[in-house]
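Comments concern the structure below.
The values are calculated or read from the model by the stated rules, or taken from the named source; none is laboratory data. Because the structure is predicted, anything quoted here is derived from the model rather than measured. Note that we place each Cβ from the backbone using ideal geometry, even for glycine, and neighbour counts take in every protein chain shown. Remember, those area values only see protein heavy atoms, side chains included, never the ligands or the DNA or RNA. Shrake-Rupley method; radii C 1.70, N 1.55, O 1.52, S 1.80 Å.
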Amino acid sequence: MNGTVQRPADRYGAPLLSKRAARVLVALAAIALLAVVALVGYWTTTSSPIRSQMVGYDHLADDVIAVDYTVTMDPGTGATCRIQAMNEGRAQVGFVETTIPPQTDRRTAHHVEISTQGEAVSAEVLGCDPT
């Protein structure tokens, strides 16, 4: 006995697919899944024409935080960026939406001060959209 158990065909019926056909279908499904994941990854990285990156923040007062960030976009493109200040519990205590006029350089540095409704311990650039 080789350890494999055969199903009695007269009792359970014949298999719907042969082992080879089942393996081919599994392989095709895996290839299709990988293609979808690769396509979604490609769309995600190329669909955002504007990227922002947090450089740092500084506490100017109990109710003011200064944020430095960079924006990467095609020259001649303007953007609107959303920046938030957060307290120790990561609740939003300040928010600003700033407009960046069209720039001549691809990557530009920016500075904004946010008035807060309490002590902010961190800040975050939520994102930028083209104007």
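Below are the figures for this structure:
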| item | result |
| --- | --- |
| Ser122 accessible area, assembled protein chains, probe 1.4 Å, Å² | 20 |
| Among Thr108, Ala66, Thr44 - extreme Cα towards positive end, dipole of the chain, charges at beta-carbon | Thr44 |
| Per-peptide average of other Cβ atoms within 10 Å, ordering 30-39, 111-120 highest first | 111-120, 30-39 |
| Value of [θ]222 nm, deg cm²/dmol, for the chain, DSSP H segments ≥ 4, -39500 (n - 2.57) each, nearest 500 | -8000 deg cm²/dmol |
| Helix 19-46 axis, angle to the chain major axis (alpha carbon atoms, nearest 10°) | 10 |
| Integer Hz, Karplus 6.51/-1.76/1.60 couplings in order for region 86-97, x for Gly and Pro | 10, 8, 4, x, 6, 8, 6, 10, x, 8, 9, 10 |
| Relative contact order [Cα under 8 Å, 6+ residues apart], the chain, whole percent | 26 |
| Alpha carbon Rg of the chain, scaled by the compact-globule rule 2.2 N^0.38 Å | 1.96 |
| Shape call, region 50-92: gyration tensor on alpha carbons, a/c limit 1.5 | prolate |
| Where only alpha carbons of region 69-131 are counted, the Rg and the Dmax (Å) | 12.9, 39 |
| Lys, Arg +1 and Asp, Glu -1 on Cβ, resulting dipole of region 55-104 about Cα centre, debye, nearest 20 | 180 |
| For Gly127, distant residues with modelled amide H under 5 Å away | Arg82 |
| Computed magnitude of the charge dipole of the chain (debye, nearest 20; Cβ of K, R +1, Cβ of D, E -1) | 1620 |
| Dipole of the chain [Lys/Arg +1, Asp/Glu -1 at C-beta], most positive-end residue of Gln117, Thr77, Ala27 | Ala27 |
| Sites matching trypsin sites (Lys or Arg not before Pro) across region 83-131 that sit in DSSP coil, with at most 14 neighbouring C-beta atoms within 10 Å | Arg90, Arg106 |
